[in-house]
Amino acid sequence: MRNKVTKAVFPVAGLGTRFLPATKAVPKEVLTLVDRPLIQYAIDEAREAGITEFIFVTSRGKSALEDYFDRAPELEMSLKSKNKTELLDIYNQTCMDSGAIAYVRQNQALGLGHAVWCARHLIGDEPFAVLLPDDVIAADKPCLKQMLEAYEETGGNMVAAMEVPEDKASSYGVLDVPTGMSPVLPVRGMVEKPKPGTAPSNLAVIGRYVLSPDVLKSLDNQTTGAGGEIQLTDAIAAQIEAKNNVYGYRFQGQRFDCGSKAGFLQATISFGLSRADLREELEDYIYDMMAMRQAAE
Ligand code: UTP
């Protein structure tokens, strides 16, 4: 019987420079998608996949993120006294039990691999999940849940993968995998941010991982890779050579890159349109705007 995956790491120590000036004062992970901060979507996905221990890798200036999951006694009392039960339900979903979240600091943004390594003592010697909150995934069955079900069969290490256009591959970690439509693909190699024209496939890694503690041992070497950063991709790729136990998982769902402005705006429209309380008004606005644009052309 495989170890059940109960711990998840949320690396949130990046500088978020693509959202400057907002991120000068507000952590990227608390920017709001419709009415919830990005981090809430990631936490909900992890909870639905059975995660019970949440490890945040944070940095200077992220206190808003830490406060967000605490109880807010004044707000709670006010909602109770006014009998606002629906809002109380929403509020309660944001409060995490004491001790469920642990915070470790990354005192320099040396890369995603380094951020995950900072959590090594809290992870210990067991498999763990990693979720990047700026990848928001709309799916009937949450992406991490899909992956953990597949991981029950494979063990090892698993990365979420999706097809990307050739000209975008150089922004991602890209998988060398056999061709075929199977959701689970054995990985022969991984390249972080390949130079244009050199990507081994069109399957890119996105921000969901299920990893073995061996990856942390590779990260002990602190080797820098693409962009001068300590890359998680390189530490996972080392497992291909050592144990040949890395799998790509082609998930069902739509991923939004909320780390980029265009992706965040697309997510806002898509999530807005999927909400019964907003759909009609938003649709009307989009139709009117398109009609005005066409008339002006
Ligand atoms: P990004 O590559 O999006 O970097 O990190 P960033 O700093 O957040 O944003 P930009 O590119 O400057 O706009 C992907 C994920 O890895 C985390 C980030 O917080 C984000 O969740 N990360 C990245 C760290 O925790 N530490 C790092 O050193 C780098």
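Here Ile230 meets each of (1) touching a Pro at 6+ places or on another chain (Cβ under 7 Å); (2) over 30 Å from Val34 (Cα atoms) with one exception, condition (1). Selection of segment 263-297 for residues being closer than 30 Å to Ile206 by Cα, surrounded by 10 or more Cβ atoms within 10 Å (Cβ to Cβ) and without any contact (Cβ under 8 Å) to a residue 60 or more places away in the chain yields Gly263, Leu265, Gln266, Ile269, Leu273, Arg279, Leu282, Glu283, Ile286.
For Glu74, the criteria (1) surrounded by fewer than 19 Cβ atoms within 10 Å (Cβ to Cβ); (2) under 19 Å from Ile101 (Cα atoms); (3) acidic (Asp, Glu) hold in every case but one, which is (2). Scanning segment 12-34 for residues that are within 12 Å of the ligand (Cβ to nearest atom), under 30 Å from Asp277 (Cβ atoms), touching a residue at least 60 places away in the same chain (Cβ under 8 Å) and in contact with a strand residue (DSSP E or B) (Cβ under 9 Å, 6 or more places away or on another chain) yields a total of 3. The residue of segment 229-269 that is modelled with the highest pLDDT, among those that are β-branched (Val, Ile, Thr) and within 15 Å of the ligand (Cβ to nearest atom), is Ile236. Candidates are the residues of segment 198-212 that are touching a Ser or Thr at 6+ places or on another chain (Cβ under 9 Å) and in a loop (DSSP other than H, G, I, E, B); the one that is nearest to the ligand (Cβ to nearest atom) is Ala199. Taken over segment 94-128, the criterion of being under 27 Å from Met162 (Cβ atoms), more than 14 Å from the ligand (Cβ to nearest atom) and hydrophobic (A, V, I, L, M, F, W, C) is satisfied by Ile123, Phe128.
Residues are listed down the side, and each one gets a yes or a no for (1) of a type in the set (S, T, N, Q); (2) assigned to a strand (DSSP E or B); (3) closer than 17 Å to Gly50 by Cα; (4) under 18 Å from the mean Cα position of the chain (by Cα):
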position: Ala109; (1), (2), (3), (4): no, no, no, yes
position: His114; (1), (2), (3), (4): no, no, no, yes
position: Lys141; (1), (2), (3), (4): no, no, yes, yes
position: Leu144; (1), (2), (3), (4): no, no, yes, yes
position: Ser182; (1), (2), (3), (4): yes, no, no, no
position: Met190; (1), (2), (3), (4): no, yes, no, no
position: Pro196; (1), (2), (3), (4): no, no, no, no
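Please work out if Gln222 is exposed (fewer than 14 other Cβ atoms within 10 Å of the Cβ) and either at pLDDT 90 or above or farther than 30 Å from Val34 by Cβ (or both). Yes, satisfied.
Restricting attention to segment 68-93, the residues that are more than 16 Å from the ligand (Cβ to nearest atom), modelled with pLDDT of 90 or more and in a helix (DSSP H, G or I) total 17. Being within 9 Å of the ligand (Cβ to nearest atom), surrounded by 21 or more Cβ atoms within 10 Å (Cβ to Cβ) and modelled with pLDDT of 95 or more is the requirement here; does Val9 meet it? Considered against the rule, which asks whether it is within 9 Å of the ligand (Cβ to nearest atom), surrounded by 21 or more Cβ atoms within 10 Å (Cβ to Cβ) and modelled with pLDDT of 95 or more, Val9 comes out as no.
The values are calculated or read from the model by the stated rules, or taken from the named source; none is laboratory data. Everything quoted here is computed from the prediction, not taken from an experiment. Glycine gets a Cβ as well: all are built from the backbone with ideal geometry, and neighbour counts include every protein chain shown.
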